[in-house]
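Working notes, structure below.
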Amino acid sequence: MPDTKLLVASRNAKKLRELRRVLDAAGVVGIELVGLDEVPPFPEAPETGATFEDNALAKARDGAAATGLPCVADDSGIEIDALNAMPGVLSARWSGTHGQDEANTALVLAQLSDTPDERRGAAFVSACALVIPGGTETVVRGEWRGAVARESHGENGFGYDPIFVPEGDGRSAAQLSPEEKDAASHRGRALRTLIPALEELAGT
Ligand SMILES: O=P(O)(O)OP(=O)(O)OP(=O)(O)OC[C@H]1O[C@@H](n2cnc3c(O)ncnc32)[C@H](O)[C@@H]1O
Ligand SMILES: [Mg+2]
């Protein structure tokens, strides 16, 4: 039986690499991951949902509708206690332009410049949606608790990783190896709860 193609609908290359790594590590046999660059371009709804779940579902629905393939998508961000859980769904464009990781982290560090250690709590959140054309829709959430550092450290990962220090670790998320991050991260946690739905999709 040929592998079931699963479209992974993300245009963030570093996030896509993580999505693929976690799904591969999950060892779900019978699934072939397909990237957006392997399918004809299609219009994507703006990410204007109020929640990570709304946005993840919109991205996965768009991908499934445009290609007829089962589609998984992630919407994620950082929720900072001292900013009333912002940037949240605005994480990618917090500094005003989409995907400017350094500008986003610099702005957050400036906003928390006088925030004491005990009030620098934060959590990464990932909502992952799996939409099967003519079939089920599954949305799951993973969270990763930590704190916002006072300066950037580390070269790994992407986005806010250099200023996020996971609970129980003195290093930033950008100082973790990819495997260490996947084992603990919001995205790893969310995707691992999708495994039963993925195994059902693969017919295994
Ligand atoms: O929507 P897609 O195409 O998947 O790509 P994106 O980068 O726009 O992704 P989101 O809309 O989900 O925004 C996620 C933003 O939240 C931040 N973020 C999400 N996951 C992260 C992680 O694991 N480490 C660091 N920052 C993360 C980072 O700034 C991302 O740009
Ligand atoms: Mg996005």
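Just a few scattered comments:
- Residue match in the stretch 25-32 (condition: within 13 Å of ligand 1 (Cβ to nearest atom), open to solvent by 20 Å² or more (accessible area, probe 1.4 Å) and more than 13 Å from the chain's Cα centre (by Cα)): no
- Test for Ala149: is it closer than 25 Å to Val108 by Cα and touching a strand residue (DSSP E or B) at 6+ places or on another chain (Cβ under 9 Å): yes
- Within the stretch 46-88, considering residues that are more than 15 Å from Val139 (Cα to Cα) and within 8 Å of ligand 1 (Cβ to nearest atom), the one surrounded by the fewest Cβ atoms within 10 Å (Cβ to Cβ): Glu47
- Considered as a group, the residues in the stretch 89-98 that are modelled with pLDDT of 95 or more and not polar (S, T, N, Q) include one that is nearest to ligand 1 (Cβ to nearest atom), and that residue is Ala92.
- Taking the numbered list (1) within 15 Å of Val125 (Cβ to Cβ); (2) modelled with pLDDT under 95; (3) assigned to a helix (DSSP H, G or I) in turn, Arg21 passes all entries but (1).
- From Gly88, Gly68, residue being touching a residue at least 60 places away in the same chain (Cβ under 8 Å) and on the phi > 0 side of the Ramachandran plot: Gly68
- Pick from the stretch 167-199, criterion buried (at least 18 other Cβ atoms within 10 Å of the Cβ) and among the hydroxyl-bearing types (Ser, Thr, Tyr), ranking: farthest from ligand 1 (Cβ to nearest atom): Ser172
- Criterion (within 18 Å of Glu79 (Cα to Cα) and not aromatic (Phe, Trp, Tyr)) met by exactly one of Gly146, Gly170: Gly146
- Residues located in the stretch 73-93, provided they are within 12 Å of ligand 2 (Cβ to nearest atom) and either in a helix (DSSP H, G or I) or in contact with a Phe, Trp or Tyr (Cβ under 8 Å, 6 or more places away or on another chain) (or both): Asp75, Ser76, Gly77, Val89, Leu90, Ser91, Ala92, Arg93
- Checking the stretch 49-56 against the condition returns no match, with no residue being more than 15 Å from ligand 2 (Cβ to nearest atom) and in contact with a strand residue (DSSP E or B) (Cβ under 7 Å, 6 or more places away or on another chain).
The values are calculated or read from the model by the stated rules, or taken from the named source; none is laboratory data. Fair warning: this is a prediction, and the values are worked out from it, not measured in the lab. Neighbour counts run over all protein chains shown; Cβ positions are idealised from the backbone, glycine included. Accessible surface areas use protein heavy atoms only, side chains included; no ligands, DNA or RNA. Shrake-Rupley method; radii C 1.70, N 1.55, O 1.52, S 1.80 Å.
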